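The values are calculated or read from the model by the stated rules, or taken from the named source; none is laboratory data. Predicted model only: the values in this text are computed from it and were never measured. Please note: Cβ atoms are built from the backbone with ideal geometry, for glycine as well, and neighbour counts cover all protein chains shown. Accessible surface is based on the protein model in full, side chains and every heavy atom, while ligands, DNA and RNA are left aside. Shrake-Rupley method; radii C 1.70, N 1.55, O 1.52, S 1.80 Å.
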Amino acid sequence: YLHQKGIGVKGVRFDTAIGAYLLEPSRKNYEIADIYYDFLGVSLGESGGENTQISLDMLDSGNASTFPRHTLALAALAKYEQEQLDELGEHDLFYKIEMPLVYVLASMQILGFKVDREKLKEFGKGLSDSLELLTKDIYELAGGEFNINSTKQLGTVLFDDLGLPPVKKTKTGYSTNVEVLEKLMDKHPIIEKIVDYRQLSKLKSTYVDGLMGVIEPVTDKIHSSFNQTVTVTGRISSTEPNLQNIPVRTPLGSQMRKMFVAQNDDFV
């Protein structure tokens, strides 16, 4: 928020969310009201949950009735957490690793990732063409059209119409998950087509369409949010998009990664 206003943030000495994360890394959230109540047993008079989060832009709207209470709570929280961190021997972990990392992740988020829109569109078009051909092949092998994305309809085609041996049944019908399809791979040529269809469909919807949807129009970049307080193991995660989930082991997945490019020659 401050960066968008042209203000550089420096000198932050303590972050109560980071401190709470080191004390209780398995928590579901680190909102001020929640950790204030859990750590100090004092309620800020709110219901808790995501609606209690206070952001600085609330000051612009004039809806800042809870802002003073949160501000006062921070001092008490910081004092308590600092004492606990020192007691647990996590002083250096907090001040020398976690707090400097806040600035690193913030700068990465602000800088963003350049994506080649045209290559991404071209890649998506190629996936659409391949999906169209696979759909035709599947319909031909099945002896008619059906909703390939419907587990129920696919199960009917595979196990009732084509007579393949059912591997697993659920309360709602036949299972057609990846484990089932792998066991049926040598039973009928339609199985390999379905597996390929699912892979390409996920690649297009989740990654191609998904990435296009989060490209910031002003910067023409993707500004993924880096989460420092999510995983119990301390691993950094990201959202919108989840960068580490972009596939790389398949040829198409590796091609997908080439859509991320340097923003200019100085970054090559």
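Observations
- Rounded, prolate or oblate (a/c below 1.5 giving rounded, otherwise prolate when a/b exceeds b/c) for segment 211-268 by Cα gyration tensor: oblate
- Here is how the number arises for the chain: DSSP H runs of 4 or more residues each give -39500 (n - 2.57), the sum is divided by the residue count, and the result at 222 nm is -13000 deg cm²/dmol.
- Partner lysines for Lys171 [C-alpha distance under 18 Å; skip if fewer than 8 residues away on the same chain]: Lys152
- Shape class for segment 106-163: oblate, because the ratio a/c of the largest to smallest gyration tensor axis (alpha-carbon atoms, square roots of eigenvalues) is 1.5 or more and b/c is at least a/b.
- Net charge in the neighbourhood of Tyr139 (other residues with Cβ under 14 Å of its Cβ; Lys, Arg +1, Asp, Glu -1) is -3.
- Couplings 3J(HN,Hα) for segment 7-24, derived from phi with the Karplus relation 6.51 cos²θ - 1.76 cosθ + 1.60 (θ = phi - 60°), are 10, x, 8, 9, x, 6, 9, 8, 10, 5, 5, 5, x, 5, 5, 5, 6, 9 Hz, where x marks Gly and Pro.
- Relative to the longest principal axis of the Cα atoms of the chain, helix 189-202 runs at roughly 30 degrees.
- Whether segment 175-253 is rounded, prolate or oblate, judged on the alpha carbon gyration tensor where a/c under 1.5 counts as rounded: oblate
- Sites Tyr1 and Leu141, calculated FRET efficiency, Cβ-Cβ separation with R0 51 Å, nearest 0.05: 0.40
- For segment 115-230, radius of gyration divided by Kirkwood radius, i.e. Rg to Rh on alpha-carbons: 1.10
- Electrostatic bookkeeping for Ile35 treats Lys and Arg as +1 and Asp and Glu as -1; over the other residues with beta carbon under 12 Å from its beta carbon, the sum is -4.
- Helix 117-142 and the long axis of the chain differ in direction by around 40°, with both axes built from C-alpha atoms.
- Rolling a 1.4 Å probe over the protein heavy atoms of segment 113-268, with every protein chain left in place, gives an accessible area that is 50 percent carbon and sulfur.
- A straight Cα-to-Cα reach below 15 Å connects Lys28 with the aspartates and glutamates Asp38, Glu50, residues fewer than 8 places away in its own chain not being considered.
- FRET efficiency estimate (nearest 0.05) - Cβ-Cβ, Asp161 to Val102, R0 51 angstrom: 0.35
- Hits among aspartates and glutamates - C-alpha to C-alpha of Lys96 under 17 Å, sequence gap 8 or more where chains match: Asp15, Glu81, Glu83, Asp86, Glu87
- Convex hull volume of segment 149-193 per residue (C-alpha atoms, cubic angstrom): 68
- Computed from phi, the 3J(HN,Hα) profile of segment 172-180 under the Karplus parametrisation 6.51, -1.76, 1.60 (θ = phi - 60°) reads 9, x, 6, 8, 10, 6, 5, 5, 5 Hz, with x in place of Gly and Pro.
- Accessible area per residue for the chain is 62 Å², calculated with a 1.4 Å probe on protein heavy atoms, without ligands, DNA or RNA.
- For the chain, the fraction of alpha-carbon pairs lying more than 27 Å apart is 59 percent, rounded to a whole number.
- Gain on full extension, evaluated as 0.36 nm per residue between Glu182 and Asn29 minus their Cα-Cα distance, stands at 51.2 nm.
- Percent RCO, i.e. relative contact order, over the chain, from Cα pairs under 8 Å lying at least 6 residues apart: 20
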